[in-house]
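Have a look at the structure below before the remarks.
No value in this document is a laboratory result; all are computed from the given coordinates. Since the structure is predicted, the reported quantities are computational estimates derived from the model, not experimental observations. No Cβ is skipped: glycine too gets one built from the backbone with ideal geometry, and neighbour counts run over all protein chains shown.
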Amino acid sequence: MIDKLITEIEEKYNQLNEELSDPGVHNDRQHYAELAKAHSDLQPAYDLVRQYRGAEASMAEAEELLSGDGEVEPEMRDFLKEEIHNSRETIERLTEEIRVSMLEADPNDDKDVIIEIRGGAGGDEASLFAGELLRMYAKHAENKKFKTEILSSSPTGMGGFKEAIMEVAGKGAYSVFKYESGVHRVQRIPVTESGGRIHTSTATVAVLPEVEDVEVEIDPNDVRVDIFRSSGPGGQSVNTTDSAVRLTHEPTGLVVSMQDEKSQLQNKIAAMKVLRARLYEMKLAEQQKELADQRKSQVGTGDRSQKIRTYNFPQGRVTDHRVGLTLHKLDAVLQGDIEDFTAALAAQARAEQLKAGV
């Protein structure tokens, strides 16, 4: 199996080299760009193949010397055996790395994302937890040198959020955050709890790849635009102009409201970003509905029994139930240190692809 894959990589790489060296190709900029990208994408796998071939050659040479007719001194015999052992280990490692390098990449991985966080079961405590998740993701994005922008938020009186929508911009943002979709559960004693009892609350997270106009076509005639006055907590007016915007996509019934920006135009632009992302996610969900092993875009009902991760304050631990990983560093995680979880989830996804023979 690996021999066939290695041969395919070598043949494809050589073919791309030949095509790129053809002077006629340079006259077609688009075709040349496509070939150059394919060559660049294949380069890491080809570099691994070269290492694999080198290890194969070293092992074959050592085996030949060891099994030759001539007398081999004890020191040289031990050296050759060690060389064979090391080469075999290198070949086993490279076999896995080559297979992983050829897995089909998620076409959304390099895209910006829109993260939607909503308080679930648990009332005010759920809203407070939603706010903590928002800050956790903002901090993780900052650590990754991504840019963040709050597109919309519905703050509560206690400092939490009923709902918050944040844009994270930067190459690879979706690949970093895509495994965060689902129900997050918190277990702790609320500040309003006088009896010292531990309560369980939830918040739901949806991570949507941000898409360009060309990827999702929205007919302007399908979108109803309503303009209204922005309001704050308790319904009080926060400005004197009708700048808030509500977009209703009539074919699907999707509704997006924005009121955080100062102008009607800015709110409309922000609302269109979110609407486009939600339509794209809906389109992906329809395409993948029959594939039970694919990540679902839905985050469930927010019920306490549905969970992907639990944040336990009394014990200072965080557990991701999908990979069975528990970390006893709750404070660090809430400060954006979620790298261990994202790495484990990405590794699991690769393992599932390999198992499926992708």
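With an 8 Å cut-off on Cα pairs and a minimum separation of 6 or more residues, tell me the relative contact order of the chain in percent.
RCO, the chain: 15 percent.
Given points 7 Å out from each Cα along the Cα-Cβ axis, report the GLU75 to ILE218 separation in nanometres with one decimal.
7.6
Between LEU325 and residues 5 or more places away or on another chain, which pairs have amide H atoms under 5 Å apart, with H built 1.01 Å from N, and which residues are they?
Answer set, sorted by chain and number: ASP320.
Would you mind ranking LYS283, LYS37 by Cβ crowding within 10 Å, fewest neighbours first?
Result, fewest neighbours first: LYS37, LYS283.
Using a 10 angstrom cutoff on alpha carbons, build the Gaussian network for the chain and name the most mobile of LEU42, LEU80, LEU265.
LEU80
Pull out the extension gain between ALA38 and GLN353, defined as 0.36 nm times the separation in residues minus the alpha carbon to alpha carbon distance; nm, one decimal.
This chain segment gains 111.3 nm when fully extended.
Can you pull out the trypsin sites (Lys or Arg not before Pro) in the range 63-146 that DSSP calls coil and that have at most 10 other Cβ atoms within 10 Å?
LYS145
Just to check I understand the Karplus step: with θ = phi - 60° and J = 6.51 cos²θ - 1.76 cosθ + 1.60, what whole-Hz values come out for the range 23-32, glycine and proline as x?
Couplings: x, x, 5, 5, 6, 9, 4, 5, 5, 4 Hz.
Which of the listed residues, GLY68, SER40, THR95, is farthest toward the dipole's positive end in the range 2-101, when Lys, Arg count +1 and Asp, Glu count -1 at the beta-carbon?
It is SER40.
Do any GluC sites (Glu not before Pro) in the range 67-102 lie in a loop, going by DSSP, with at most 14 other beta-carbon atoms within 10 Å of their beta carbon, and if so which?
Sites meeting the loop and neighbour criteria: GLU71.
Which residue fluctuates most in the GNM of the chain (Cα springs below 10 Å): VAL49, VAL207, VAL245?
VAL49
Which shape class, rounded, prolate or oblate, goes with the chain when its Cα gyration tensor gives a ≥ b ≥ c as root eigenvalues, a/c under 1.5 marks rounded, and past that a/b bigger than b/c marks prolate?
oblate
Just grab the label-to-label distance for ASN14 and ILE189, each label 7 Å out from Cα along the Cβ direction, in nm (one decimal).
7.2
Report, by chain and number, residues whose modeled amide H sits under 5 Å from the one on SER152, excluding near sequence neighbours (fewer than 5 apart, same chain).
Result for SER152 returns ILE165.
Relative to the longest principal axis of the chain, what angle (0 to 90°, nearest 10) does the C-alpha long axis of helix 339-355 take?
Relative to the chain, helix 339-355 is tipped by roughly 60 degrees.
What FRET efficiency do you get for GLU61 and VAL100 if R0 is 30 Å and r is their Cβ-Cβ distance, rounded to the nearest 0.05?
0.60
Normalised by the empirical 2.2 N^0.38 Å for globular proteins, what value does the Cα Rg of the range 2-101 take?
The range 2-101 yields a ratio of 1.50.
Placing +1 at every Lys and Arg Cβ and -1 at every Asp and Glu Cβ, with all other atoms neutral, what dipole size does the range 2-101 have around its Cα centre, in debye to the nearest 20?
That gives a dipole near 560 debye.
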